[in-house]
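Everything on this sheet refers to the single structure shown next.
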Amino acid sequence: MKTPSLSLLLLALLVNVAKAEGAAPEAPARVAAGPAAIPRVEVRAAKVHARDILGASAPDVELGPTPPIGASRIVERGEIERAFAAAGEAPPRKVPAAVRVARRSRRLTAAEVADAIRSALASARLPRGAALSDVRAAAVEVPAEFQRVTVDLPVLPRRAGPATAQATVTFLDGEGAALHKTITPIVLALPPDAAFAEIPRGAPITLVIRRGLVEVSVAGVAAIDSDVGAVLPVTIKPSGRVLRARSIDKDHAVALEDP
């Protein structure tokens, strides 16, 4: 077998180098450009207003509801312009193409929630003479304008000893408007007399009937075993008519329906 001569090898090498120099350079990898970031605005109220997006000098035009905590919505330029037109206002010259709106919030620790519940119950008369033993609260995210809570308890068992109740906790703003609700277990200590009805069946009770500015009191009796603060049927004497009423103490109840 003949071996290629050195001159032929050099010639082949020169040809390959020439081809490489004449080839077009490889195009760089293209990186897709994402859309421009949409500005985010956090709103403190239940409704979004133009001032939240466009500044304090903008007319007070409503732009719809604020999304719940943890969610957001995009308000586009067309929506803003339609809201201004519906309100009979001229929109500003510079209106953003889109804005992401979210509810401003604050996170309450479990200890803060428990303290708020204890404060709400401190001045309240707990049903069946119960005393608050423990609050098993959890951390929660609430609107930023939160100020205080109210606590609603279910009907407690008719027995003595510890009892766990699933309390409905409502978070309120400074004006008393409800912002958020959670269910929180609380532990109550029920005294020995909690095993008996505060208002036994057949106990005399004064029924207060209100119609506008007129108030009338009539004699009645409890139709079932009940407790103070609960709704119970009251039988009016001597007619025997039965009305639903809410007891305000062991001796009085307010009618919830007309006689």
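Since every read-out is calculated from the coordinates, none of them should be taken as a lab result. Bear in mind the structure is a predicted one, so any value in this text is a computation, not a measurement. Reconstructed Cβ throughout: ideal geometry from the backbone, glycine too, with neighbour counts over all protein chains shown.
I'd like the Karplus ³J(HN,Hα) series for segment 78-83: coefficients 6.51, -1.76, 1.60, θ = phi - 60°, whole numbers in Hz, and an x wherever there's a Gly or Pro.
With the stated coefficients, segment 78-83 comes to x, 5, 5, 5, 5, 5 Hz.
Given a Förster distance of 35 Å, report the FRET efficiency between R82 and S123 from their Cβ-Cβ distance, rounded to the nearest 0.05.
Approximately 0.10, to the nearest 0.05.
Could you tell me whether segment 125-259 comes out rounded, prolate or oblate from its Cα gyration tensor? Rule is a ≥ b ≥ c as square roots of the eigenvalues, rounded for a/c under 1.5, then prolate if a/b exceeds b/c, otherwise oblate.
Cα axes put segment 125-259 in the oblate bin.
For R159 and L132, compute 0.36 nm times the residue count separating them, minus their Cα-Cα distance, and round to one decimal in nm.
8.2 nm
Using alpha-carbon pairs under 8 Å, 6+ residues apart, how would you state the relative contact order of the chain in percent?
Relative contact order of the chain: 11 percent.
So if R0 is 45 Å, what FRET efficiency would V208 and E89 give, r being the distance between their Cβ atoms, rounded to the nearest 0.05?
0.30
Contour minus end-to-end for E257 and R51, with contour as 0.36 nm per residue of separation and end-to-end as the Cα-Cα distance?
Additional length available on full extension: 69.5 nm.
How large is ³J(HN,Hα), in whole Hz, for each residue of segment 226-233 in order, when computed from phi with the Karplus curve 6.51 cos²θ - 1.76 cosθ + 1.60 and θ = phi - 60°, using x for Gly and Pro?
For segment 226-233, the Karplus curve yields 8, 10, 5, x, 8, 8, 9, x Hz.
Straight-line reach from K47: which aspartates and glutamates fall under 20 Å, measuring Cα to Cα and dropping same-chain residues less than 8 apart?
Filter leaves D60, E62, E76, E79, E81, E89, E141, E145, D173, E175.
What does the helix-only formula give at 222 nm for the chain: each DSSP H stretch with n ≥ 4 adding -39500 (n - 2.57), the total divided by the residues, and the result rounded to the nearest 500 deg cm²/dmol?
-5500 deg cm²/dmol
Give me the mean projected area, in nm² to one decimal, of the convex hull enclosing the Cα positions of the chain.
For the chain, the mean projected area of the Cα convex hull comes to 34.3 nm².
Between S217 and A189, 0.36 nm times their residue separation minus their Cα-Cα distance comes to what?
In short, 6.6 nm is gained.
Mind sorting T235, T168 by how few other Cβ atoms lie within 10 Å of their own Cβ, fewest first?
Taking fewest neighbouring Cβ atoms as first place, the list is T168, T235.
Hey, fewest Cβ within 10 Å first, where do V61, V48 land in order?
In increasing order of surrounding Cβ atoms, one gets V61, V48.
Apply the Karplus parameterisation 6.51 cos²θ - 1.76 cosθ + 1.60, with θ equal to phi minus 60°, to every residue of segment 199-206 and state each ³J(HN,Hα) to the nearest whole Hz, in sequence, with x for glycine and proline.
For segment 199-206, the Karplus-derived couplings read 10, x, 4, x, 5, x, 8, 8 Hz, x marking Gly and Pro.
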